[in-house]
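Following: one structure in structure tokens, then a few remarks.
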Amino acid sequence: MATRVVPSAVDPATLAAPAALAQQARAGSTGALGDLYRLYGLALFRVAYRLTGSREDAEDVLHDVFVGLPEALQGYKEQGRLDAWLRRVTARVALMKLRKGRRQAALQLEPEAEPAPERDVEELQAAVNALPVSLRSVVVLKEIEGYSHAETAEMLGITVVTSRVRLMRAMSRLRRTLQRPGP
Amino acid sequence: MNRDDMLRASLRQLPVPDVSPDLLHRIVRSRVMGVRTSLHGRRWSVPWGRIAAAAFILAFLTGSWKLSLTFSRMGQSRLNRDRVKEFLRTTIPWASSGDEGRALSDKPPAPKYPLISVDSLDLSRLTEGTWTYRSSVTTDEVLTAPAGHSRIHLARVTFQSRAMWILMMAHSRDSASWGPYGDTTYLDPESLRPQRSIYYYNKNRTVVVQSFSADSATESLDFSGPIRQSYRESIALPFSRETFFVNGWPLDRVGALLPAFPLKRGWQGSLYQVALVSRIGVRGVSPMDLWVVGRERVTVPAGTFDCWRLQVVTYFGQEDQRQTVWVSRDKGWVIKVQADNSSDVMSTRELESYEPGS
């Protein structure tokens with residue numbers, strides 16, 4: 001019977017230090033990989049979900065990230081925070097998934113996203129999901145995930161100016177959509 | 001907190017669904033089964049904009065190179081060079097042909113009337129000023145269409161430390177936009193014989209330069225651009241130093257100098273026009289005959305004038321061109337010119353305004 005694990009359902013204090021976990025995971029320790037999942041899985045899932053707009057895609061992204069993590073850690077230089085590095089990796093994988101075009105046309109608010117969202121939240125989520133991927137990526141990375149324009153631009157492969165312009169357009173669209181009277 | 005800040009705050013609070021409880025199990029199972037994913041995939045976007053710009057520049061450079069090569073070959077090929085010459089000869093009116101014009105050594109045809117002597121000119125009647133004319137073309141005596149404007153400027157100047165008259169001409173499609181004077185002739189102040197003349201055509205790609213001494217004339221014609229051609233001729237003037245003559249396009253120049261002519265009822269006179277390489281059919285020296293045929297009152301945009309009516313015949317090789325010129329009796333200005341270009345087309349030029357010189 002499979003063990004059911006919810007990320008961040010454990011006390012981080014009970015886990016080894018992130019650097020040690022990364023070292024063990026790099027060496028092939030499945031236990032360390034599980035601990036990293038418990039430690040960072042939920043935050044990474046949020047990034048993936050907000051970028052893909054789909055729980056299923058977000059889980060696919062998280063799956064791919066952790067399946068490839070031991071090998072990816074070979075290139076991790078431990079110069080920055082591990083969680084920041086993981087978030088960048090997750091965002092990159094999510095964007096790659098988006099670019100492949102899978103499920104892009106079907107980005108709808110999924111019923112399981114929130115059991116009973118308030119109407120304003122539902123409208124905002126729908127408005128975000130209705131943005132083109134190019135604009136939504138910038139909104140998620142800059143405004144929600146808190147990356148700088150330089151980091152956002154680097155992850156998206158665009159210039160800083162383009163990042164700023166896209167954010168401005170995205171925010172403008174969101175404002176217009178939310179101001180529009182509902183049906 | 002403004003609206004954007006509120007929107008940002010709302011965005012950060014957007015809910016995220018729960019992760020499937022068995023996701024870690026799926027991850028571990030994939031690892032155990034040997035599934036591996038690469039997380040270092042770098043995005044390779046196709047820089048279409050840069051590719052398009054590079055393609056455009058390449059196409060432009062290739063096109064320019066091919067075009068220059070084509071022109072170069074046109075100039076190098078004997079056959080094509082002849083074609084180019086033929087093209088210039090048939091389409092550009094000032095490209096002369098030795099076949100059509102008279103040989104330079106030929107004796108010029110005899111004028112119909114006594115040659116106008118420089119001594120007969122009344123230089124005191126010449127005035128500085130700018131005359132603006134409007135042209136029109138009438139087809140089948142019914143359809144009249146505007147054919148641009150021309151401006152003639154006459155003034156006293158100092159050229160090469162000598163006092164001279166300068167005669168300049170410019171043309172315009174509409175009277176609103178005038179280009180620079182592209183046709184300049186310096187005239188001897190005592191005889192009104194041309195001393196030096198420069199005129200530009202074809203967007204300054206074609207330059208004609210004429211130089212005159214008391215006994216000789218030299219003319220060069222240069223086509224610049226991809227097909228460079230140059231012509232140059234010199235002759236000894238076959239008439240005396242006391243004979244008045246004009247260079248190049250005769251009527252415009254004669255018209256500006258008509259105030260000095262001793263016009264009266266029954267007056268007749270002839271003069272020579274000199275164009276060596278720049279006129280079809282006028283290769284060397286050709287006569288021009290003028291005679292007064294009557295008096296008329298003529299109304300043009302510049303006003304109503306009491307005029308002498310002149311008949312002018314200009315000889316171009318085997319052909320002649322007939323024009324009627326109305327000249328104001330008191331001032332000697334050309335008021336109106338009517339040229340019978342063909343049986344169906346009549347071109348007319350009328351004085352539109354006059355501005356006295358400063």
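Where a number appears in this text, it was derived from the coordinates with a stated rule and is not lab data. This one's a predicted model, so the numbers in the text were calculated from it and none came from an experiment. Note that we place each Cβ from the backbone using ideal geometry, even for glycine, and neighbour counts take in every protein chain shown.
See the values below:
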| item | result |
| --- | --- |
| Cα gyration tensor, the range B:111-169 - rounded (a/c under 1.5), prolate or oblate | oblate |
| Normalised contact order of the range B:180-247, rounded percent, pairs of Cα under 8 Å and 6 or more residues apart | 24 |
| Distance between modelled label sites at residue A:159 and residue B:338, nm, 7 Å Cα→Cβ extension | 6.8 |
| Mean Cα-pair separation over length for the range A:131-179, i.e. relative contact order, pairs under 8 Å, 6 or more apart, % | 40 |
| Computed label-point distance, nm, for sites residue B:113 and residue B:329 using a 7 Å Cα→Cβ extension | 1.7 |
| Efficiency of FRET between residue B:213 and residue B:136 - r from beta-carbon atoms, R0 30 angstrom, step 0.05 | 0.15 |
| Label-to-label distance, nm, for residues given as residue B:190 and residue A:179 (7 Å Cα→Cβ offset) | 8.7 |
| Modelled FRET efficiency - R0 35 Å, residue B:35 with residue B:9, Cβ distances, 0.05 increments | 0.30 |
| Local net charge near residue B:353, Cβ-Cβ under 10 Å (Lys/Arg +1, Asp/Glu -1) | 0 |
| Cβ-derived FRET efficiency at R0 22 Å, residue B:144 paired with residue B:297, nearest 0.05 | 0.55 |
